[in-house]
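Read-outs throughout are calculated quantities, based only on the coordinates presented, and are distinct from any laboratory measurement. As the structure is a prediction and not an experimental result, all values here were calculated from the model. Here the Cβ is made from the backbone with ideal geometry for all residues, glycine too, and neighbour counts use every protein chain on show.
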Amino acid sequence: MTTIYLVTELEADIYTCFDAARAIDIHKLSTKQTNEIAIAGRTSGLCELGDTITWEATHFGIRQQLTVEITQLNRPYFFEDKMLKGAFKSMQHSHFFEEKDTKTIMTDKFEYEVPYSIAGKIFDAIILKHYMTSFLITRNQFIKSTVEVKRV
């Protein structure tokens, strides 16, 4: 099992940040480098508890699909999505939100297992963990730029 932790500080209120993180349209815009689109289940708006979303994107030159379910949601503090079907052996993404003064601290805990035994573990160690970390950082930076009000 591989775990990626990311902490992003956002200069916006917790409700705005929480809703931006679960907005399908913001997700699509934040992953434009992989041409990610929602093709089944909830395909727009805010994901809610029990929703399924099938994402289609190109990773490593291969068009892939990943279906997740929103298994937990406690607005504006936490939501979790788990893979139902996709390239990982398993995948769970926990999103935590905490208000500190005028800022929101968004913490991602992204856990996954790779298939293909030792070959999958080697691929993960050499390429995949770095790729997934960069993918999540890019997404979080897009959310940050979306929710922060620029002050002059």
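Here E56 does not qualify as farther than 19 Å from L6 by Cβ, acidic (D, E), in contact with a Gly (Cβ under 8 Å, 6 or more places away or on another chain) and touching a residue at least 12 places away in the same chain (Cβ under 8 Å).
Pairs linking a residue in the range 18-40 that is free of Cβ contacts under 8 Å to residues at least 24 places away in the same chain and closer than 15 Å to T67 by Cα to a residue that is buried (at least 20 other Cβ atoms within 10 Å of the Cβ) and polar (S, T, N, Q), with Cβ atoms under 9 Å and 6 or more positions apart or on different chains, are E36/S30. Which members of the range 85-108 meet the condition of being in contact with a Leu (Cβ under 9 Å, 6 or more places away or on another chain) and over 26 Å from V149 (Cα atoms)? The answer is K85, G86, A87, F88, M91, H93. Residues in the range 30-51 that are hydroxyl-bearing (S, T, Y) and touching a Phe, Trp or Tyr at 6+ places or on another chain (Cβ under 7 Å): S30 only. When only residues in the range 17-33 that are among the basic types (K, R) and surrounded by fewer than 18 Cβ atoms within 10 Å (Cβ to Cβ) count, which is nearest to S134 (Cα to Cα)? Per the stated criteria, the residue is K32.
Going by the conditions given, is I14 in contact with a helix residue (DSSP H, G or I) (Cβ under 9 Å, 6 or more places away or on another chain) and either among the aromatic types (F, W, Y) or over 20 Å from I127 (Cβ atoms) (or both)? Against the criterion (in contact with a helix residue (DSSP H, G or I) (Cβ under 9 Å, 6 or more places away or on another chain) and either among the aromatic types (F, W, Y) or over 20 Å from I127 (Cβ atoms) (or both)), I14 does not qualify.
Just so you know, in the range 34-53 the residues that are in a loop (DSSP other than H, G, I, E, B) and touching a Lys or Arg at 6+ places or on another chain (Cβ under 7 Å) include one that is surrounded by the fewest Cβ atoms within 10 Å (Cβ to Cβ), and it is D51. Considering only residues in the range 133-152 that are free of Cβ contacts under 8 Å to residues at least 24 places away in the same chain and of a type in the set (D, E, K, R), the one that is nearest to Y5 (Cα to Cα) turns out to be K150. When M106 is tested against (1) of a type outside the set (S, T, Y); (2) within 18 Å of Y15 (Cβ to Cβ); (3) over 12 Å from the mean Cα position of the chain (by Cα), just one condition goes unmet, and that condition is (3). The combined condition, being out of contact with any Pro (no Cβ under 7 Å at 6 or more places or on another chain), of a type in the set (F, W, Y) and not in a strand (DSSP E or B), is fulfilled by F88. Selection of the range 95-132 for residues being buried (at least 16 other Cβ atoms within 10 Å of the Cβ), within 21 Å of V7 (Cβ to Cβ) and β-branched (V, I, T) yields only T104. Among the residues of the range 91-127, the ones that are outside any strand (DSSP E or B) and touching a residue at least 40 places away in the same chain (Cβ under 8 Å) come to 3 in all. Here N74 clears all of (1) farther than 17 Å from F18 by Cβ; (2) among the polar types (S, T, N, Q); (3) surrounded by fewer than 17 Cβ atoms within 10 Å (Cβ to Cβ) except the condition numbered (1).
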